[in-house]
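I have placed the structure first, in the form of structure tokens, so that the comments after it can refer back to it.
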Amino acid sequence: MKVRVEVTDDAGVKSSIEKEGDLQLEMLKQATIKDVLKFLEGQLAPISVQGAYDPDGEGLTIKERLASFLRYDHQSPQGWFTSSQVRRIYEDKFEESVRLSTVSTYLASLHAGGILERKGSRAKRQYRVATENLKIPVLFDLGPGSPEIETLSVNRDC
């Protein structure tokens, strides 16, 4: 049996992975699924920040600069963070003073837009950059009369 997955990007460049073997064995089937997932995660990952992210944020509003910074900058907080943490890092990075209420408002807006996840009460609110969970159906043809569809979940940073 042969499994082939092909991804074509916006520029028309094709990337593919191909696996061949006896996928009726559960162990080989699981290994193939893991290999396909790794491939898809690599292909569907966000574009490199080189050229896509302007670290100076010139010409952007505070909200746009904050969103780009949180999503793409290596100095942005990793994992869960608070408005106060973002404010301190933002002010150091852009050498620009910003009110905590402004940061809080923009983080809430980015949450509403699906860019951030949020947890905690209003007094202890925390955010993190959201991930998109893509569900991709893959058909495994295991021989005569036994096609099987598996749904693969791929986490993709927004």
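The values are calculated or read from the model by the stated rules, or taken from the named source; none is laboratory data. None of the values given here were measured: they were computed from a predicted structure. Neighbour counts are summed over all protein chains in view; Cβ atoms, including those assigned to glycine, are modelled from backbone coordinates with ideal geometry.
Among the residues making up the stretch 97-141, a single one is at pLDDT 85 or above, among the hydroxyl-bearing types (Ser, Thr, Tyr) and in a strand (DSSP E or B): Tyr127.
For the stretch 22-35, a residue qualifies if it is modelled with pLDDT of 70 or more and not charged (D, E, K, R), and the qualifying residues are Gln30, Ala31, Thr32, Ile33.
Considering the stretch 74-96, the residues that are more than 18 Å from Glu64 (Cβ to Cβ) and assigned to a helix (DSSP H, G or I) include one that is modelled with the lowest pLDDT, namely Asp92.
For (1) modelled with pLDDT of 70 or more; (2) surrounded by 17 or more Cβ atoms within 10 Å (Cβ to Cβ); (3) over 20 Å from the mean Cα position of the chain (by Cα), each residue gets a yes or a no:
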site: Lys2; (1), (2), (3): yes, no, yes
site: Asp10; (1), (2), (3): no, no, no
site: Ser15; (1), (2), (3): yes, no, no
site: Glu20; (1), (2), (3): yes, no, yes
site: Ala52; (1), (2), (3): no, no, no
site: Arg71; (1), (2), (3): yes, yes, no
